[in-house]
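Taking it in order: structure first as structure tokens, then the write-up.
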Amino acid sequence: MNNAEVARVFEEIADILEIQGEDSFRVNAYRKVARTVEDLAGDINDVAARGELAKLPGVGKATAEKLSELLTTGRLNFREELRREVPETLLKLLEIPHMGPKKVALLWKQCGVTSLPELKAAVESGKLEGLKGFGEKSVSQLRAGIAFLESAAGRTRLGTAWEIGEVIRRTLAKLPGVQRVEHAGSLRRGRETVGDLDLLCIADDGPRIVEAFCQLSGVQRVMASGDTRGSVLIAYREDRSIQVDLRVLPAESFGAAWQYFTGSKEHNVRLREMAVKRGWSLNEYGLTEGERVIASRSEEEIYAALGLPWIPPELREDRGEFELRETPADLLALEDIQGDLHMHTVASDGHATIEEMAAAAKERGYKYVCITDHSQSSVIANGLKVERLREHVAAIRAADKKIKGITILAGSEVDILAEGRMDYPDDVLAELDFVIASVHAGMSSDVEANTRRTLGAIRNPYVNLIAHPTGRLINRREPMPLDVEAVAREAARTGTALEINASEMRLDLKDQHARLARDLGVTICIDTDAHSTDQLDQMPFGITTARRAWLRRGDVLNTGGVKDVRAFVERKRKS
Ligand code: DGT
Ligand code: CA
Ligand code: CA
Ligand code: ZN
């Protein structure tokens, strides 16, 4: 079991105990263990191997024994017992936004609700009326939350899907006789969530490839298998799985299949219409006129035959791509990114030091980074008071001198307080190279209040970037209601950048919002918000999102050099 899996077991124990009405001291003890394991820099199994579990913060002798049982046997008796005491479907309710164990307990004990369908029925029948903590407002919030959960059901976040898909792709590519394996479907188009994975493979011996595919590690169930296609369920968490479809084809029709199975459906419908207009037909086997094959080997040939340039997969959503006269040469690419301007260190809630983050960024070929730890109001994230910030800035300057080949800028991710006030006074902000502003607490359900708050930050002359503007967590938390257009207009007017946060949990701004912002003249900045060195590798998800927003190299602040970043800051301060 890895750290995250162990942490989840302890979170679940805490949830069940809290639902059962256990005192908060005991509940929090389990949550603390979960947090400790989750935040561990190394592998929990190594800690166990060294016999040092009991040395972890918040871990006593009894907990160390539980951890050890879990790590050696893969299960924990105590947890299995607890699970028998509550209905299995009850825990699922905790995934509804704004729903905590206390509310779940109330629903269960007072209304007999044990599952999502039962909760839905209870909401609709008015059964919750008069129940403590379920006033009109919170019932309507609950209704929205249920709808949100249903819309997320069965869709896997891009980062997870990518990781799973890449392992399968690389494994298949190594099989003898396999010439090529590629992703298709929504993963290739870079959608923020993926329903199922679609892989295509060029090989002669279909049945053997499909057989190997069905025996991949992680396969929970084989849904279908034939001579040229297979479909399996891959478990990636105890309670989550994703379907993977594989098709084996000959090289002659690979282009047609890749085009077809990449989609989107909407894009394909338009493309087929164009074929039909010419008296041709288009399907996964090729573009044909009667018996004659016009194109099938490559995507380029198919698009060209229809009078179109090759269209990058991220643009295939029927959002204007059929107007393209040529493939956009400067559509943003990972290689264009020169630096990462949003990351955390151990000074607040990150796991690595300034030097470690900078060295890791340098390894990735970046010319600069900006260290942006949390500000004082973010207490849970160990935000820095002014004195500590000044010491931190001095440490950043020292590291910048010491490490050659990369510029380390000193910044901060400053909380936007009520009514758009900033969490540090202006004279402190003025000492920083680059200032990020973001909302972390007190998000309102009122669109005007949220918008006013963000506009306030944008109007501060020292604020250079609004990070994760809507605050959503994909599949977990809805965006806060925000007038993105008004925010974008003001950002453009004041020379403030808006972020595409590349963390696969966030991707915020999302594609359509980023496109709107750019169209209104906003400079976009793509950052990982890394809390550890390996999270710097989330940049590709931000790039993909930017490509889906049709962003060009010139639309993005951190495709420029450090001079351009400094000039961007100076321009706003002077105006
Ligand atoms: P997903 O899996 O829900 O995230 O989204 P996709 O786009 O991967 O959809 P999926 O897996 O159902 O199908 C893969 C591609 O196959 C899809 O993007 C386009 C193509 N496709 C599937 N069904 C149809 C269809 O009925 N008509 C057309 N034109 N194309 C289809
Ligand atoms: Ca799919
Ligand atoms: Ca599929
Ligand atoms: Zn951050």
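The values are calculated or read from the model by the stated rules, or taken from the named source; none is laboratory data. Everything numeric here is computed off the predicted structure, so don't read it as measured data. FYI the Cβ positions are ideal-geometry reconstructions off the backbone, even for glycines, and counts take in every protein chain you see.
Is at least one residue of the range 261-268 more than 16 Å from ligand 3 (Cβ to nearest atom) and free of Cβ contacts under 8 Å to residues at least 24 places away in the same chain? Outline the logic, then answer.
Of the range 261-268, the ones more than 16 Å from ligand 3 (Cβ to nearest atom) are none.
The answer is no; no qualifying residue exists.
Take Ser217 and decide whether it is more than 16 Å from ligand 4 (Cβ to nearest atom) and more than 24 Å from Ala256 (Cβ to Cβ).
In short, yes.
Count, please, the residues in the range 49-71 that happen to be in a helix (DSSP H, G or I) and in contact (Cβ under 8 Å) with a residue 24 or more places away in the chain. Explain how you work it out, then say what you get.
Start the filter on the range 49-71 by keeping residues that are in a helix (DSSP H, G or I), which leaves 49, 53-55, 61-71.
Now restrict to residues that are in contact (Cβ under 8 Å) with a residue 24 or more places away in the chain: 63, 67, 70-71.
Going through the range 49-71 one residue at a time, the tally reaches 4.
Mind telling me which of the residues Val181, Val123, Val167 ends up being more than 16 Å from ligand 4 (Cβ to nearest atom), of a type in the set (A, V, I, L, M, F, W, C) and out of contact with any Lys or Arg (no Cβ under 7 Å at 6 or more places or on another chain)?
Working: Val181 fails: out of contact with any Lys or Arg (no Cβ under 7 Å at 6 or more places or on another chain); Val123 fails: out of contact with any Lys or Arg (no Cβ under 7 Å at 6 or more places or on another chain).
Exactly one residue qualifies, and that residue is Val167.
Kindly check whether there is at least one residue in the range 426-438 that is more than 27 Å from the chain's Cα centre (by Cα), farther than 29 Å from Leu149 by Cα, away from ligand 4 (no atom under 16 Å from the Cβ) and free of Cβ contacts under 8 Å to residues at least 12 places away in the same chain.
Yes, that holds for at least one residue.
Do we find that Gln220 is within 11 Å of ligand 3 (Cβ to nearest atom) and polar (S, T, N, Q) in this structure?
On the way: within 11 Å of ligand 3 (Cβ to nearest atom): no; polar (S, T, N, Q): yes.
Against the criterion (within 11 Å of ligand 3 (Cβ to nearest atom) and polar (S, T, N, Q)), Gln220 does not qualify.
Within the range 473-558, considering only helices (runs of 4 or more DSSP H) that don't extend past its boundaries, which have at least 1 residues that are aromatic (Phe, Trp, Tyr), touching a helix residue (DSSP H, G or I) at 6+ places or on another chain (Cβ under 7 Å) and modelled with pLDDT of 95 or more? Steps first, answer last, please.
Values: elements: 484-494, 511-519, 539-548.
In the range 473-558, 539-548 are the helices (runs of 4 or more DSSP H) which contain 1 or more residues that are aromatic (Phe, Trp, Tyr), touching a helix residue (DSSP H, G or I) at 6+ places or on another chain (Cβ under 7 Å) and modelled with pLDDT of 95 or more.
I want to confirm something. Restricting to the range 398-425 and keeping residues that are exposed (fewer than 13 other Cβ atoms within 10 Å of the Cβ) and over 29 Å from the mean Cα position of the chain (by Cα), which single residue is farthest from ligand 4 (Cβ to nearest atom)? Steps first, answer last, please.
Just the residues of the range 398-425 that are exposed (fewer than 13 other Cβ atoms within 10 Å of the Cβ), to begin with: 401-402, 404-405, 418-419, 425.
If we keep only those that are over 29 Å from the mean Cα position of the chain (by Cα) as well, we get 401-402, 404-405, 425.
On the way: Lys401: 25, Lys402: 24, Lys404: 27, Gly405: 25, Pro425: 21 Å.
Checking each candidate, the answer is Lys404.
Where residues in the range 151-199 are hydroxyl-bearing (Ser, Thr, Tyr) and within 20 Å of the chain's Cα centre (by Cα), which of them is nearest to ligand 1 (Cβ to nearest atom)? Break it down stepwise before answering.
Of all residues in the range 151-199, those hydroxyl-bearing (Ser, Thr, Tyr) come to 151, 156, 160, 171, 186, 193.
Next cut, within 20 Å of the chain's Cα centre (by Cα) only: 151, 156, 160, 186, 193.
Working: Ser151: 12, Thr156: 9, Thr160: 13, Ser186: 3, Thr193: 7 Å.
The residue in question is Ser186.
Which count do you get for residues in the range 208-265 that are under 25 Å from the mean Cα position of the chain (by Cα), aromatic (Phe, Trp, Tyr) and not assigned by TED's automatic domain parsing to the domain that holds Thr193?
1
Please indicate, with yes or no, whether at least one residue in the range 84-101 is free of Cβ contacts under 8 Å to residues at least 24 places away in the same chain and part of a helix (DSSP H, G or I).
yes
Rundown of residues vs (1) small (Gly, Ala, Ser); (2) away from ligand 1 (no atom under 16 Å from the Cβ), yes/no style:
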{"residue": "Cys201", "(1), (2)": "no, no"}
{"residue": "Pro207", "(1), (2)": "no, yes"}
{"residue": "Gly218", "(1), (2)": "yes, yes"}
{"residue": "Ser231", "(1), (2)": "yes, no"}
{"residue": "Ser241", "(1), (2)": "yes, no"}
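Could you tell me whether any residue of the range 208-219 is touching a Leu at 6+ places or on another chain (Cβ under 9 Å), surrounded by 20 or more Cβ atoms within 10 Å (Cβ to Cβ), free of Cβ contacts under 8 Å to residues at least 24 places away in the same chain and not aliphatic (A, V, I, L, M)?
Looking through the range 208-219, none of the residues is touching a Leu at 6+ places or on another chain (Cβ under 9 Å), surrounded by 20 or more Cβ atoms within 10 Å (Cβ to Cβ), free of Cβ contacts under 8 Å to residues at least 24 places away in the same chain and not aliphatic (A, V, I, L, M).
Considering only residues that are of a type in the set (Gly, Ala, Ser) and under 20 Å from Pro312 (Cα atoms), look in the range 173-217 and name the one that is nearest to ligand 3 (Cβ to nearest atom).
To start, the set of residues in the range 173-217 that are of a type in the set (Gly, Ala, Ser) comprises 173, 177, 184-186, 190, 195, 203, 206, 212, 217.
The next check asks that each one be under 20 Å from Pro312 (Cα atoms); those that pass are 184-186, 190.
On the way: Ala184: 8, Gly185: 6, Ser186: 9, Gly190: 16 Å.
Result: Gly185.
This table checks each residue for (1) part of a loop (DSSP other than H, G, I, E, B); (2) at pLDDT 95 or above; (3) of a type in the set (Val, Ile, Thr).
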site: Arg272; (1), (2), (3): no, yes, no
site: Ile294; (1), (2), (3): no, yes, yes
site: Glu300; (1), (2), (3): no, yes, no
site: Ala304; (1), (2), (3): no, yes, no
site: Gly307; (1), (2), (3): yes, yes, no
site: Trp310; (1), (2), (3): yes, yes, no
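Could you grab me the full set of residues in the range 505-521 that are crowded, with 24+ Cβ neighbours inside 10 Å and more than 21 Å from Ser444 (Cβ to Cβ)?
Leu507, Ala514, Ala517
Picking from Arg247, Arg240, Arg191, which residue would you name as being touching a residue at least 24 places away in the same chain (Cβ under 8 Å) and out of contact with any Asp or Glu (no Cβ under 9 Å at 6 or more places or on another chain)?
Answer to the check: Arg240.
Report yes if some residue within the range 12-27 is within 21 Å of Asp534 (Cα to Cα) and outside the structural domain of His531 (by TED's automatic domain parsing); otherwise report no. Show your work before the answer.
Within the range 12-27, the subset within 21 Å of Asp534 (Cα to Cα) is none.
Scanning the range 12-27, I find no residue that is within 21 Å of Asp534 (Cα to Cα) and outside the structural domain of His531 (by TED's automatic domain parsing), so the answer is no.
Residue check: is Glu363 over 25 Å from Pro469 (Cα atoms), assigned by TED's automatic domain parsing to the domain that holds Leu341 and surrounded by fewer than 20 Cβ atoms within 10 Å (Cβ to Cβ)? Outline the logic, then answer.
On the way: over 25 Å from Pro469 (Cα atoms): yes; assigned by TED's automatic domain parsing to the domain that holds Leu341: yes; surrounded by fewer than 20 Cβ atoms within 10 Å (Cβ to Cβ): yes.
So Glu363 fits the description; yes.
Scan the range 275-294 for residues that are surrounded by 17 or more Cβ atoms within 10 Å (Cβ to Cβ) and under 29 Å from Val194 (Cα atoms) and jot them down. Before the answer, list the steps.
Applying the first criterion (surrounded by 17 or more Cβ atoms within 10 Å (Cβ to Cβ)) to the range 275-294 yields 275, 280, 282, 286-288, 294.
Listed by number, the residues that qualify are Ala275, Leu282, Gly286, Leu287.
Tell me whether the range 356-366 contains one or more residues that are under 26 Å from Arg552 (Cβ atoms), under 22 Å from the mean Cα position of the chain (by Cα) and of a type in the set (A, V, I, L, M).
Among the residues of the range 356-366, at least one is under 26 Å from Arg552 (Cβ atoms), under 22 Å from the mean Cα position of the chain (by Cα) and of a type in the set (A, V, I, L, M), which makes the answer yes.
Going through the range 165-195 one residue at a time, which ones are within 23 Å of Ser253 (Cβ to Cβ), among the polar types (S, T, N, Q) and part of a helix (DSSP H, G or I)? Let's see the steps before the verdict.
Our first condition is that a residue be within 23 Å of Ser253 (Cβ to Cβ); within the range 165-195, this holds for 165, 168-169, 172-173, 175-189.
Now narrow it down to the ones that are among the polar types (S, T, N, Q): 179, 186.
The answer is Ser186, and nothing else.
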